[in-house]
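Student: Please read through the structure below; I'll follow up with questions.
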Amino acid sequence: MPTDAQSELLHGLRGIVGDAHVLTRTRPDSTELAAWENDWRKRTQGHALAVVQPANTREVAAAVGLCATLQARTGVRIVPQGGNTGLVVGSTPDASGREIVLSLRRMQAVRDIDRANLTITVEAGCILQNLQTVAAEAGYLFPLSLAAEGSCTIGGNLGTNAGGTQVVRWGNTRDLCLGLEVVTPQGQIWHGLSGLRKDNTGYDLRNLMIGSEGTLGIITAATMKLAPMPAAQLTAWAAVPSLDAALALLALAQRRLAAGLTGFEVMGRFALSLVAHHFPQPLVPLYQDTPWCVLLENSDHVCEDHARSQLEGLLQTALEQGCVSDAVVAASLTQARQLWQIRESIPLAQAREGLNVKHDVSVPISRIPEFVLATDTLLEKAIPGVRLVNFGHLGDGNLHYNVQAPVGVDGTAFLAQHEKAVNTLVFDSVSRFNGSISAEHGVGSLKADSLPRHKSGVALEMMRAIKHALDPTGLMNPGRVVRL
């Protein structure tokens, strides 16, 4: 049951956002808040004091300000949440019953499209897929694309600096953002939605907030870049004999297609076998006779014939040079979507196979083959029969290097026995290859304890100083990113 001070807080929050938008339990064992309290991977289940759903930035600011004012008496903390699709337990409450989940899902408006400036301004709760659709209906491309785009929000994408399949051309979410509106831990509003491409008036507060995972403030709106819609987008699927061959294909594609190369994904045979087993339709092409497959996309601003000529010429040269053993080019938009569906189905197929240890790492592109060989060897020696699900965004050096239990071994038992050792082995290997233990998913709470081992002490002290300066009472998303 809430304390008297917490009841006072809840009463005040209802006055700000309305009774219907402050959700609390009707009884202690109720599961009615489960959608906000459970993380996407079902790794943890929290216990929130309440879920608060503001309708606009003014209400966010007032709610945060009230929580800040009463924090000393209530002991509350705020956990900002978008679509709750994160993979590092960064947006769900702990089990203390003292945390407020501040959900941005009601804030979905598209505020403005500036055609001359090639920008779109949206609220933080806008679903990524809806943003893509609105942009396309206006004749523009919003190129951020990832598996959870039907449910993740642009605020969450910015909070974690999400990547996805188009980073090789367009960069991470940070590279697509020109301005932010943010509510500070004191309940003030920073109006930074100018959309300027040049602004040298001091520290870059926008980029400081992006990737901070709600620990420094709450992003309530953003001005994002748009691009002209390409005349054609063609997709190809290629079988490659090795990761070194995949790198050779990447280099060739970069030379031949230049900025037209908007996707370059690599997928290991076992990862694709899981898709073929758990999702038999559409059929997975070419994977049975090759260790790796590559999915690449050519976006062309001339016409489809020009795009097809470029892509087919690239693949012919790759076949002659031996970096591709076989390839298919999608003959229609439906076929292209099916190929991308196969790629995006890998995490779902892995989930159906059982619990696993997920890694989102980046390594210098030139060292990826060496990293995979070395780390595979170490894991296979440490855990005989372990199954390795390797796939990811080769074009930008980001691998989803996941570890599945041996055949017949219960996933829960496997995690309990091996997860800590597997993480240590993989993260240490990443560090030896001058990589990062988090490429696009963020740090959250899952990796916060590992960060001191893999981040320089100077960097950590700077991060702690920033957190303390902007959020001295620790109100915002405690225990995430950097431990104080």
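Student: Dividing the Cα radius of gyration by the Kirkwood radius, what Rg/Rh value follows for the stretch 4-103?
Tutor: For the stretch 4-103, the value is 0.94.
Student: Something else now. Taking every Cα atom in the stretch 288-359, find the radius of gyration and the maximum pairwise distance Dmax, and write them in Å.
Tutor: My reading of the Cα-based Rg and Dmax gives 15.5, 46 Å.
Student: If you don't mind, there's one more thing I want to ask. Extension gain LEU348-ALA459, at 0.36 nm per residue separation less the Cα-Cα distance, in nm?
Tutor: Gain on stretching LEU348 to ALA459: 36.4 nm.
Student: A further question follows. Could you tell me the extents of the stretch 232-347's C-alpha atoms along the three principal axes, largest first, rounded to whole Å?
Tutor: Reported extents, whole Å, longest axis first: 39, 29, 19.
Student: Averaging the inverse of every distinct alpha carbon separation and then flipping it gives the Kirkwood radius. What is it for the stretch 122-280, in angstrom units?
Tutor: For the stretch 122-280, the Kirkwood estimate is 17.7 Å.
Student: Given the pairs LYS42/LYS447; LYS42/LYS467; LYS198/LYS455; LYS381/LYS455; LYS42/LYS455, which are separated by over 23 angstrom at their Cα positions?
Tutor: Going by Cα-Cα distance, LYS42/LYS467; LYS198/LYS455; LYS381/LYS455; LYS42/LYS455 fall outside the 23 Å limit.
Student: For ASP376 and GLN254, what does the FRET efficiency come to when R0 = 25 Å and r is the distance between their Cβ atoms, rounded to the nearest 0.05?
Tutor: 0.40
Student: So, one more: What's the center-to-center distance, using Cα atoms, between the stretch 1-40 and the stretch 442-484 in Å?
Tutor: Each part's Cα centre sits 28 Å from the other's.
Student: What base-10 log of the normalised intensity I(q)/I(0) is obtained for the stretch 289-432 from the Debye formula, alpha carbons as equal point scatterers, at q = 0.21 Å⁻¹?
Tutor: -1.34
Student: Given the Cα-Cα distance of VAL110 and GLU304 and 0.36 nm per residue of separation, how much length would full extension add, in nm?
Tutor: 66.7 nm
Student: Expressed as a fraction of 2.2 N^0.38 Å, the rule-of-thumb size for a compact globular protein of N residues, what is the C-alpha radius of gyration of the chain?
Tutor: Expressed relative to 2.2 N^0.38 Å, the Cα Rg reads 1.00.
Student: A further question on this structure: What is the angle, in °, between the Cα long axis of helix 411-432 and the longest principal axis of the Cα atoms in the chain? Nearest 10 is fine, range 0 to 90.
Tutor: 70
Student: Can you give me the C-alpha center-to-center distance between the stretch 267-289 and the stretch 89-128, rounded to a whole angstrom?
Tutor: The distance from the Cα centre of the stretch 267-289 to that of the stretch 89-128 comes to 35 Å.
Student: To the nearest 20 Debye, how big is the dipole of the chain about its Cα centre, given +1 on the beta carbon of each Lys and Arg and -1 on that of each Asp and Glu?
Tutor: 820
Student: Report P(r) for the stretch 66-114: all Cα-Cα distances, bin width 5 Å, range 0 to the bin holding the largest distance, values in whole percent.
Tutor: Final binned percentages: 5, 18, 20, 19, 15, 11, 6, 3, 2, 0.
Computed from the coordinates by the stated procedures, all read-outs in this text should not be read as laboratory data. Keep in mind that what you see is a predicted model, and the values were worked out from it rather than measured. For neighbour counting, all protein chains shown are included, and Cβ atoms are generated from backbone atoms with ideal geometry for every residue, glycine included.
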